[in-house]
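Participant: I am attaching a structure below and will ask some questions about it afterwards.
The values are calculated or read from the model by the stated rules, or taken from the named source; none is laboratory data. In this text, all values refer to a predicted model and were calculated from it rather than measured experimentally. Because the Cβ atoms are built from the backbone with ideal geometry, glycine has one as well, and the counts that use them run over all protein chains shown. The area values use the complete protein model at the heavy-atom level, side chains included, leaving out ligands, DNA and RNA. Shrake-Rupley method; radii C 1.70, N 1.55, O 1.52, S 1.80 Å.
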Amino acid sequence: MKLHAFLLTLGGVVATPAIAEVYDCKFDVKDRFKQWVPTVVRITNDADLSRVSVSAELFDRHGKHAILGKLGTNNDRRATFRFQYNNSDIPIERKYNRKVLGLTTYSVTIQKADHSATFRANPNYASDHGKSFHGKGSCVLK
């Protein structure tokens, strides 16, 4: 009888779902990038569902409150999250060809020891590094 009670208790512990990790991150973004690089990002990593979602007020302009992302590197030292957003409403050259920013790939790498973070944003068309963003910030695990 004691063994049966132990197994039921153990089964309840094993079957308990993990709670999603939620990171609230803030980054120092220069004015020239603020039209397409958010200063505040919330990343939700639900390991049970193998799902990452990313939200930022900047992305709400198209009614998308959260976009799907992917967990890249995940080890004892750091976790990297990647996501994409279509910034086709943002002009980048206004003179002759009216080029727009378009699909942009973002990545956030969070150091697990101190929650410092790096943020990269690269427009897919960008061939020169003057059109990409690389910044630093910090995250708080909620």
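Participant: Would a scan of region 58-65 turn up a residue that is of a type in the set (A, V, I, L, M, F, W, C), surrounded by 10 or more Cβ atoms within 10 Å (Cβ to Cβ) and modelled with pLDDT of 95 or more? Steps first, please.
Facilitator: Filtering region 58-65 down to residues of a type in the set (A, V, I, L, M, F, W, C) leaves 58-59.
After this cut, where a residue has to be surrounded by 10 or more Cβ atoms within 10 Å (Cβ to Cβ) as well, the list is 58-59.
Subset that is modelled with pLDDT of 95 or more: none.
No.
Participant: Can you tell me which residue among ALA20, ALA15 is modelled with pLDDT under 85 and open to solvent by less than 90 Å² (accessible area, probe 1.4 Å)? First the steps, then the outcome.
Facilitator: Details: ALA20 fails: modelled with pLDDT under 85.
Every option except ALA15 fails the conditions.
Participant: Just to check your reading of the model, which residue among LEU141, LEU103 is of a type in the set (A, V, I, L, M) and at pLDDT 90 or above?
Facilitator: Values: LEU103 fails: at pLDDT 90 or above.
Among LEU141, LEU103, only LEU141 is of a type in the set (A, V, I, L, M) and at pLDDT 90 or above.
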